[in-house]
């Protein structure tokens, strides 16, 4: 009789433990951003809010700057080792080319223009990614991509003399060919190889937002930054549709809303910190190279000449056209939209 009670208690304990664990969904999320970066703190905030809102039923486990570049992270998502990620459009473009739509050179002159376009094209981009098994939790940006170089760059010809880093994931071959067609010397690499490549002289120029260059300490091996907003670097926090479906249906709207709110706070913070990042780097020796009007015209001509190569090749034509259409719509209807860029 005593033995039966012991066995029954053990079975009940096992069933209770199984039920509790079955209700907990652990979401493994990775980012290339290092610990203590702005993006890492955003994920910690998201982790805490999700845990609180779900009463601990959804736990976010964060891997920051430890699992390789975005291509490595997305590969781990495909095979199920990871469930989610915070990645740039360079990574998202590897899933679907439509994600590259906002990364058009000199297409935007302000954050207001970018935000107007982004909010209106987001739904179609999300549908394209959903077809690939990806749910977008929020959109964001990392700032304006600028050229960091080992010698001063004011004109496209100055940059043509240098060995320029280009992303080796996703559409690296097409991107490399595009830069070559335009007369540059592209060097395709993983983003985790930028620092050693700068140290060894394998590359002498790279493209990055100031906050990213500061967070990864790449700027210390550059010397100069060309003060020109080449393109916005946008990104998103994504989760596999398979993992999202495992989260109780009644929790998903709340978690999605918390993610969107956290994404907006991150976006605003990044934009505020961008100028501070440049100041911090200049205090440590970085020199900012201003682009005079005559040189800017050459950059604009370069950007325009690239559009026919980008459209339908790096960015599906319908998304490329829609971005510029929305951008022009903003400029026509909003007062003070800023000086028009190519397009």
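The values are calculated or read from the model by the stated rules, or taken from the named source; none is laboratory data. Since the model is a prediction, treat every value here as computed from it, not as a measurement. Note that each Cβ is placed from the backbone with ideal geometry, even for glycine, and that neighbours are counted across all protein chains shown.
Is at least one residue of region 79-89 surrounded by 22 or more Cβ atoms within 10 Å (Cβ to Cβ) and farther than 19 Å from residue 266 by Cβ?
Looking for residues that are surrounded by 22 or more Cβ atoms within 10 Å (Cβ to Cβ) and farther than 19 Å from residue 266 by Cβ, one finds at least one in region 79-89, hence yes.
For residue 194, work out the one condition from (1) in contact (Cβ under 8 Å) with a residue 12 or more places away in the chain; (2) touching a strand residue (DSSP E or B) at 6+ places or on another chain (Cβ under 8 Å); (3) surrounded by fewer than 21 Cβ atoms within 10 Å (Cβ to Cβ) it doesn't fulfil.
The single condition residue 194 does not satisfy is (3).
Can you confirm whether region 125-137 contains a residue that is within 26 Å of residue 223 (Cβ to Cβ), buried (at least 20 other Cβ atoms within 10 Å of the Cβ) and modelled with pLDDT of 95 or more? Reasoning before the result, please.
Quick first cut of region 125-137, residues within 26 Å of residue 223 (Cβ to Cβ) only: none.
Checked region 125-137: no residue is within 26 Å of residue 223 (Cβ to Cβ), buried (at least 20 other Cβ atoms within 10 Å of the Cβ) and modelled with pLDDT of 95 or more.
Checking the condition in a loop (DSSP other than H, G, I, E, B) and either in contact with a helix residue (DSSP H, G or I) (Cβ under 9 Å, 6 or more places away or on another chain) or closer than 26 Å to residue 263 by Cβ (or both), which residue from 153, 117, 135 passes?
Numbers: 117 fails: in a loop (DSSP other than H, G, I, E, B); 135 fails: in a loop (DSSP other than H, G, I, E, B).
Selected residue: 153, the only one of 153, 117, 135 that is in a loop (DSSP other than H, G, I, E, B) and either in contact with a helix residue (DSSP H, G or I) (Cβ under 9 Å, 6 or more places away or on another chain) or closer than 26 Å to residue 263 by Cβ (or both).
Taking the options 127, 150, name whichever one is over 15 Å from the mean Cα position of the chain (by Cα) and either closer than 28 Å to residue 204 by Cα or touching a residue at least 12 places away in the same chain (Cβ under 8 Å) (or both).
150
Would you say residue 92 is at pLDDT below 95, in contact with a helix residue (DSSP H, G or I) (Cβ under 8 Å, 6 or more places away or on another chain) and surrounded by 14 or more Cβ atoms within 10 Å (Cβ to Cβ)?
yes
Does residue 225 satisfy the criteria of being without any contact (Cβ under 8 Å) to a residue 40 or more places away in the chain, closer than 21 Å to residue 157 by Cα and either in contact with a strand residue (DSSP E or B) (Cβ under 7 Å, 6 or more places away or on another chain) or in a strand (DSSP E or B) (or both)? Explain how you work it out, then say what you get.
Details: without any contact (Cβ under 8 Å) to a residue 40 or more places away in the chain: no; closer than 21 Å to residue 157 by Cα: yes; either in contact with a strand residue (DSSP E or B) (Cβ under 7 Å, 6 or more places away or on another chain) or in a strand (DSSP E or B) (or both): yes.
Against the criterion (without any contact (Cβ under 8 Å) to a residue 40 or more places away in the chain, closer than 21 Å to residue 157 by Cα and either in contact with a strand residue (DSSP E or B) (Cβ under 7 Å, 6 or more places away or on another chain) or in a strand (DSSP E or B) (or both)), residue 225 does not qualify.
Against the condition without any contact (Cβ under 8 Å) to a residue 60 or more places away in the chain, surrounded by fewer than 18 Cβ atoms within 10 Å (Cβ to Cβ) and touching a strand residue (DSSP E or B) at 6+ places or on another chain (Cβ under 7 Å), how does residue 35 come out, does it pass?
yes
Output the helices (runs of 4 or more DSSP H) that fall wholly within region 241-335 and possess 1 or more residues being closer than 18 Å to residue 123 by Cβ, within 25 Å of the chain's Cα centre (by Cα) and at pLDDT 95 or above, or say none.
241-246, 252-283, 317-333
In the list 273, 233, 304, 266, which residue meets the criterion of being out of contact with any helix residue (DSSP H, G or I) (no Cβ under 9 Å at 6 or more places or on another chain), surrounded by 14 or more Cβ atoms within 10 Å (Cβ to Cβ) and within 25 Å of residue 148 (Cβ to Cβ)?
304
Which residues, counting only those in region 175-191, are in contact (Cβ under 8 Å) with a residue 24 or more places away in the chain and in a helix (DSSP H, G or I)?
Answer for region 175-191, where residues must be in contact (Cβ under 8 Å) with a residue 24 or more places away in the chain and in a helix (DSSP H, G or I): 175, 178, 181, 191.
Looking only at residues in region 197-215 that are over 22 Å from residue 155 (Cα atoms), touching a residue at least 24 places away in the same chain (Cβ under 8 Å) and touching a helix residue (DSSP H, G or I) at 6+ places or on another chain (Cβ under 7 Å), which one is surrounded by the fewest Cβ atoms within 10 Å (Cβ to Cβ)?
By that ranking, first place goes to 214.
What is the residue count in region 46-68 for residues that are under 19 Å from the mean Cα position of the chain (by Cα) and either in a strand (DSSP E or B) or at pLDDT below 95 (or both)?
Looking only at that region, the number is 7.
Hey, among the residues in region 153-171 that are under 20 Å from residue 308 (Cβ atoms) and either under 22 Å from the mean Cα position of the chain (by Cα) or surrounded by 20 or more Cβ atoms within 10 Å (Cβ to Cβ) (or both), which one's modelled with the highest pLDDT?
Residue satisfying both the conditions and the ranking: 166.
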